[in-house]
Amino acid sequence: MISAHQAETGAYPACEEFSAYRGYSWFRDGSFIAEGMSRQGQPGSATAFHDWCGRVLASRQRQVAELVRQARSGVVPEAKDMLPTRFTLAGESGADEWWDLQLDGYGAWLWAVHEHAARHQVAPERWRVGIETACDYLAQFWNTPCYDWWEEHAEQRHGSTLGAAYAGLAACAASPALDDRRRTLAGAAAAQVKDTILTEGVAGGGHLSKWIGTDAVDASLAACVVPFGVVPVGHPVAAATLAKIETDLLAGGGVHRFAADVFFGGGQWPLLSCLLGWNHARAGRRDKAAGLLRWAMAQADPDGLVPEQVGHHLLHPEHRPEWIAKWGPVAKPLLWSHGMILILADELGTNLEN
Ligand code: BGC
C-alpha cells in the first residue's frame, strides 16, 4: 500500500483519499513511514523518500541561512517566513492554508535518515546539504513555540516536538555528513533541548507534559523515550510517562491522542497504539506490545486499509459530525498508520505475511 502510493518524486503522500491531505507530504508522517519501509525490506523506497526530503531542504538552504542570520542579529522571524509544515509531492509549499510552523518533522527526519543510513550502510553524505539545513534550522529555533504533532496550540512548547528536535540534533552531533563545527553546534543544542525538557517539561507526577506548564499528557510523548531517547527505557520519567498515557489515554486496546481531543470526536489512533507498543517491546513487555500490534492491525478494513483513527470509543462524540461535514469521513488509508505497523511488527520480529 505504501509503495503503491509513493510519488515518483519519492514523497509519501499522507492520504490521497482525504480531501484536506490530498497532494501533500509531511516530514513527520514520512519519517516514520520511511523507518517502517527501511526495516521491512524496502530500503529503496526509504532512500527515495530521504532523497526527496534532501532536495526539498537543499532548495531551502538560502532561506534557512537568512532566517538564522536574522535570528542571531536579534530579529525574531515571523511564522510565515519559516519552513512550512507540509510540502506538495513536487516539494513546493503549496497554495492551501495550513497550520504552518511545526518543528518536529525536521527533527524526525534527521533521526530517520541517520537510522536508515546506518541500517543499510548508506553514506549520509548523500543528504549532506539537507542535513546541514535542517541541523542549522533546529539548532537555532528548537525552543520556538509552534504547532504540535496535531497542528494545534501554536503558542506552546510541546514535549513531543522538543523530543523530535532532540533526536534530530543528537543524530547530527554524531553525523559523518557534517563537519566538526556543525557537529559541535548540534551537540550543544541537543544538550540544551534535553535539559529544557527535563527541567521545564516534567509535570508534578514525574511524567513528561504535553506542553511546558501543563499536567496533561499526549500519547505522542512516548516518542521521547522510544525512539527519540530523551530519557532511556526504564528511566523513572519514561516509566511515569508511559503509565500516565496508559491510565489517561488507553481504552479497550487502542490509544487516544489526548484527553481534550475533539477531532472527529477524539477516537483511537492505530499509529499511537503502535508507538506505545514500540515502547513496550523495547522494555521487554512483548505481550503488551503484541496486543497493541494486534489491535492496530484489526482496525484495517476488508481491503487491508488502516485509517487515521477509529470511532469505537470516542472521547467527545458530539464533535464527530462537524468534522465529517467539514472534511468527509476519517482519512483512510493513512500511510503513517501503515508505517507504524511495519515498525512495531519488525520490533517484535512478527512476519506480517501470516
Ligand atoms: C495530523 C497530523 C498529520 C496529518 C497528516 C493531521 O490530522 O494532525 O499529525 O501529520 O494529519 O497525516
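The values are calculated or read from the model by the stated rules, or taken from the named source; none is laboratory data. Remember, it's a predicted structure, so these values are computed and weren't measured experimentally. Every residue, glycine as well, gets a Cβ built from its backbone with ideal geometry; the counts of neighbours run over all protein chains shown. We work out accessible area using only protein heavy atoms, side chains counted, and drop any ligands, DNA or RNA first. Shrake-Rupley method; radii C 1.70, N 1.55, O 1.52, S 1.80 Å.
Is at least one residue of the stretch 235-250 surrounded by 15 or more Cβ atoms within 10 Å (Cβ to Cβ), under 19 Å from the mean Cα position of the chain (by Cα) and acidic (Asp, Glu)? There is no residue in the stretch 235-250 that is surrounded by 15 or more Cβ atoms within 10 Å (Cβ to Cβ), under 19 Å from the mean Cα position of the chain (by Cα) and acidic (Asp, Glu).
Only a single criterion out of (1) part of a helix (DSSP H, G or I); (2) surrounded by fewer than 24 Cβ atoms within 10 Å (Cβ to Cβ) is not satisfied by Ala170, namely (2). Scan the stretch 304-327 for residues that are under 24 Å from the mean Cα position of the chain (by Cα) and within 14 Å of the ligand (Cβ to nearest atom) and the total you get is 6. I need the full set of residues from the stretch 146-163 which are within 12 Å of the ligand (Cβ to nearest atom) and of a type in the set (Gly, Ala, Ser), in order please. If the condition is that a residue be within 12 Å of the ligand (Cβ to nearest atom) and of a type in the set (Gly, Ala, Ser), then Ser160 is the only one that fits. When the stretch 114-134 is limited to residues that are in contact with a Ser or Thr (Cβ under 8 Å, 6 or more places away or on another chain) and open to solvent by less than 20 Å² (accessible area, probe 1.4 Å), the one that is nearest to Arg55 (Cα to Cα) turns out to be Ile131. A count restricted to the stretch 16-51 and to residues that are within 16 Å of the ligand (Cβ to nearest atom), crowded, with 22+ Cβ neighbours inside 10 Å and outside any strand (DSSP E or B) stands at 11.
When you check Arg86 against the structure, is it closer than 17 Å to Ala139 by Cβ and among the basic types (Lys, Arg), yes or no? Against the criterion (closer than 17 Å to Ala139 by Cβ and among the basic types (Lys, Arg)), Arg86 does not qualify. For Leu352, are the conditions met, namely being in contact (Cβ under 8 Å) with a residue 12 or more places away in the chain and part of a helix (DSSP H, G or I)? No: the conditions fail for Leu352. Kindly establish whether Ala298 is open to solvent by 20 Å² or more (accessible area, probe 1.4 Å) and aliphatic (A, V, I, L, M). Yes.
Counting only residues that are part of a loop (DSSP other than H, G, I, E, B), touching a helix residue (DSSP H, G or I) at 6+ places or on another chain (Cβ under 9 Å) and open to solvent by 20 Å² or more (accessible area, probe 1.4 Å), the stretch 204-214 holds 4 of them. When you check Asp261 against the structure, is it open to solvent by 40 Å² or more (accessible area, probe 1.4 Å), farther than 17 Å from Gly339 by Cβ and not assigned by TED's automatic domain parsing to the domain that holds Arg39, yes or no? For Asp261, the condition - open to solvent by 40 Å² or more (accessible area, probe 1.4 Å), farther than 17 Å from Gly339 by Cβ and not assigned by TED's automatic domain parsing to the domain that holds Arg39 - is not met.
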